[in-house]
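One structure below.
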Amino acid sequence: MFDETRCDRCGDCLVRCLYVDYDKERAAFEIDELIAGRPAPILSACITCFACNEYCPTDARPFDLILERQEQFGSLGIAPEMVAAEEARYAVTSEVRVPENQGRVLSACVFSSSDAELFEGRLFEGLPMVKGRHFFCYILFDHLGAGSVTRRHAQTFVDNLAATGAEEVILFHDDCYGMLVDRAPQFGINVPFRPVHVIEYLRRYLEAHRQDITPLGLRIAYQRPCASRMSPGKEDAIDAVLGLIGVERVQRRYDRENCLCCALAAVTFNPQQAPAIRQRNLDDALGAGAQAMCYLCPMCRIGLSDDARDRGLAGYHIIELARMALGELPVPA
Ligand code: SF4
Ligand code: SF4
């Protein structure tokens with residue numbers, strides 16, 4: 001939730017926005033307009049990347065204000081019927097079912113089938129999994145300018161995970177982790193278990209099995225997901241995992257705090273701009289000497305992989321790279 005008392009209207013958040021070209025004066029004007037409840041132009045220029053929440057030095061959460069106004073004014077031009085149809089796609093009528101566990105479960109969100117290969121092998125062996133729409137976090141709707149949908153389902157999402165009785169829940173999807181460590185506390189929702197990001201789980205596993213790792217010697221451009229804006233503290237774990245498996249994260253302009261969105265959601269509401277964002281991202285990756293793209297979010301992989309492949313860049317999920325280093329998947333030539 002935007003905290004007006006923390007905002008000094010400096011405009012820095014929107015000066016840093018990678019999708020508009022505002023100077024400080026213009027950015028401050030936009031913030032003033034939003035606070036006053038008016039439909040400022042940033043609302044339709046915004047591609048919902050969450051970055052301004054990370055940029056704000058006083059943690060005023062400007063994206064939360066933008067999201068609220070986008071929904072208020074329908075700024076992204078997405079028909080309410082389309083949002084409702086998308087929400088209905090994730091509806092569940094059945095009771096939540098949870099597996100027996102020893103205090104720890106893995107949540108695969110809705111990716112257990114589409115990304116089945118990532119869950120195979122030794123990494124997650126013996127770890128009970130929950131999956132499917134009961135465990136979908138709805139952060140997607142923030143990307144559609146419909147934050148009230150995300151909020152409406154947040155408590156149920158937490159309750160369904162809590163129903164496992166596990167003390168520790170490992171989250172495969174960056175969105176789900178962000179919901180638990182960032183959004184849920186903002187909504188005043190108590191999370192009665194410890195959320196652990198899959199990258200932290202991976203780090204622990206690889207550190208305990210160093211002797212089984214063959215370094216890959218690959219240079220990758222890391223695609224930092226928008227959801228990582230909600231949990232920037234885990235960047236160390238990303239670096240640690242890549243280091244453990246002998247993969248170099250190339251230094252490039254659009255990484256870390258300066259990362260670009262994969263533009264998958266923008267295809268829905270800004271189809272003209274989306275290809276240009278992807279091109280900017282891949283130009284940067286290639287210019288930095290990357291041999292491949294590395295993804296943490298399966299949706300980023302969907303969003304970027306076609307264009308990347310057309311430009312000669314292979315793409316791997318970070319779990320896939322870990323499995324290669326453990327000898328479970330073939331290493332690219
Ligand atoms: S939200 Fe933060 S960065 Fe943006 S104008 Fe307010 S204080 Fe400055
Ligand atoms: S969410 Fe991203 S695109 Fe939207 S205003 Fe903030 S930084 Fe810019």
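What follows is calculated from the coordinates using simple rules that are stated; it is not laboratory data. Computed from a predicted structure; not experimentally measured. Positions of Cβ are backbone-derived with ideal geometry, glycine not excepted, and every protein chain shown enters the neighbour counts.
So how much slack lies between residue 10 and residue 79, counting 0.36 nm per residue of separation and subtracting their Cα-Cα distance, in nm? List each step's numbers first, then the result.
Working: separation 69, 0.36 × 69 = 24.84 nm, distance 3.33 nm.
Full extension from residue 10 to residue 79 adds 21.5 nm.
May I ask you to compute the full-extension gain from residue 209 to residue 97, defined as 0.36 nm times their residue separation minus their alpha-carbon distance, rounded to one decimal in nm? Kindly include the intermediate steps, with their values, before the conclusion.
Numbers: separation 112, 0.36 × 112 = 40.32 nm, distance 3.26 nm.
Length gained between residue 209 and residue 97: 37.1 nm.
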request  = On a C-alpha basis, how far is the centre of segment 94-141 from the centre of segment 262-333 in Å? Whole number, if you could?
outcome  = 24 Å
query = In deg cm²/dmol and to the nearest 500, what is the mean residue ellipticity at 222 nm of the chain if only DSSP H runs of at least 4 residues count, each as -39500 (n - 2.57), divided by the residue total?
reply = -11000 deg cm²/dmol
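So for each of 262-271, 201-210, 142-151, 239-248 I average, over its residues, the number of other beta carbons within 10 Å; can you give me the resulting order with the highest mean first?
On the way: 262-271: 20.2, 201-210: 15.8, 142-151: 21.9, 239-248: 18.7.
Ranked by mean Cβ neighbours within 10 Å, highest first: 142-151, 262-271, 239-248, 201-210.
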task = Give the Cα extents of segment 218-266 along the principal axes, in whole Å, largest first.
result = 33, 21, 17
key: Alpha-carbon centroids, segment 61-75 and segment 152-188: separation in whole Å   = 23 Å
query = Roughly what percent of Cα-Cα pairs across segment 89-196 reach past 25 Å?
reply = 16 percent
note = Stokes-Einstein, Kirkwood over Cα pairs, segment 193-235, 4 °C, 1.567 mPa s; D in µm²/s equals 102 µm²/s
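Just the ratio, please: alpha-carbon radius of gyration of segment 265-333 over 2.2 N^0.38 Å, N its number of residues. Before the final figure, lay out each step's value.
Working: Rg = 13.3 Å, N = 69, 2.2 N^0.38 = 11.0 Å.
This ratio for segment 265-333 stands at 1.21.
If the convex hull of the alpha-carbon atoms of segment 216-323 is projected onto planes in all directions, what is the mean projected area in square nanometres? Don't skip to the end; give the middle numbers.
Details: hull surface 25.2 nm².
Averaged projected hull area, Cα only: 6.3 nm².
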note = In vacuo Debye sum over C-alpha of the chain, base-10 log of normalised intensity I(q)/I(0) at q = 0.09, 0.11, 0.15 Å⁻¹, listed in q order, is -0.48, -0.73, -1.33
query = Karplus couplings for segment 48-58 from phi (6.51 cos²θ - 1.76 cosθ + 1.60, θ = phi - 60°), rounded to Hz, Gly and Pro as x?
reply = 6, 8, 6, 4, 5, 4, 6, 6, 4, x, 10
inquiry  = Is there a quick way to get the dipole size of the chain? I mean about its Cα centre, with the Cβ of Lys and Arg at +1 and of Asp and Glu at -1; what is the value in debye to the nearest 20?
reply    = 360 debye
inquiry  = Please report, in whole Å³, the volume per residue of the convex hull around the C-alpha atoms of segment 4-73.
reply    = 73 Å³
Estimated inter-spin distance, residue 24 and residue 309, nm [label 7 Å along Cα→Cβ] = 4.7 nm
Solvent-free Debye scattering, log10 I(q)/I(0), computed from the Cα coordinates of segment 26-165 at q = 0.17 Å⁻¹ = -0.97
